[in-house]
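Only one structure is covered here, and it is reproduced in the block below.
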Amino acid sequence: VVSAETDLFEGLAGILVTAGIGVLATSEPFAADAIAITVGAIPQEPAQAIALTPYVVSADPVLNDAFIAVQVMLRGTTDPYSVVQRSAAIFDQFGGLEDQDFGGVHLVQMTLHSGRLDGKDDSQRWLCSENYYCRVNWPTRYRTE
């Protein structure tokens, strides 16, 4: 069984790791100075982190076309530019990304849909969220065309 969200997360996280934007660790704890890349939620530590959360927006009932959104949550330092600059670095990797195979999912194209600064957490570290839309080919048992 193909897990489109898992395949997409692993592929996109790999792009960020290769670009030197963060580190993907299979288990915590992260090094204190690391920029952690996780799925779902931002961990308490390290101080700076990126969480990628893929979720299905729509899937054609017959064709293997689908849209999977990826929410990118960023936590930086007390300097707002820490998330603004990281956001720009991520956009440089993801904005317009196309024709990539991630496991059982083929990414046709990735575009930025929305984004904003979300204020600060309890430790006064800046937060930012962005939503990318991924047009993918995701074959399943009944959607193979």
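Of the set (1) in contact with a Lys or Arg (Cβ under 7 Å, 6 or more places away or on another chain); (2) buried (at least 16 other Cβ atoms within 10 Å of the Cβ); (3) modelled with pLDDT under 95, all apply to Val62 but (2). Of all residues in region 38-88, those satisfying the criterion of being of a type in the set (A, V, I, L, M) and touching a residue at least 60 places away in the same chain (Cβ under 8 Å) are Ala47, Val57, Ala59, Val62, Leu63, Ala66, Ile68, Ala69, Val70, Val72.
Restricting Glu10, Glu45 to residues that are of a type in the set (D, E, K, R), open to solvent by 40 Å² or more (accessible area, probe 1.4 Å) and either at positive phi or in a helix (DSSP H, G or I) (or both) narrows the list to Glu10. Of all residues in region 108-145, exactly one satisfies the criterion of being among the aromatic types (Phe, Trp, Tyr) and open to solvent by 80 Å² or more (accessible area, probe 1.4 Å), namely Tyr142.
If you go through region 13-25 and keep only what is farther than 30 Å from Arg141 by Cα and either open to solvent by 40 Å² or more (accessible area, probe 1.4 Å) or free of Cβ contacts under 8 Å to residues at least 40 places away in the same chain (or both), you end up with Val17, Thr18, Ala19, Gly20, Gly22, Val23, Leu24, Ala25. Is it the case, given these coordinates, that Arg75 is within 15 Å of the chain's Cα centre (by Cα), open to solvent by less than 20 Å² (accessible area, probe 1.4 Å) and not polar (S, T, N, Q)? So Arg75 fits the description; yes. When residues in region 113-145 are screened for being in contact with a helix residue (DSSP H, G or I) (Cβ under 6 Å, 6 or more places away or on another chain) and part of a strand (DSSP E or B), 3 of them pass. Those residues that are over 22 Å from Ala41 (Cα atoms) and in contact with a helix residue (DSSP H, G or I) (Cβ under 8 Å, 6 or more places away or on another chain), I need them from region 62-100; list them, please. Selection gives Ala66, Leu97, Gln100.
The values are calculated or read from the model by the stated rules, or taken from the named source; none is laboratory data. All figures in this text were calculated on a predicted structure; none of them were measured in a lab. Cβ atoms come from the backbone with ideal geometry, glycine included; neighbour counts cover every protein chain shown. For the accessible areas, the whole protein counts, side chains as well, though only heavy atoms, and no ligand, DNA or RNA atoms are used. Shrake-Rupley method; radii C 1.70, N 1.55, O 1.52, S 1.80 Å.
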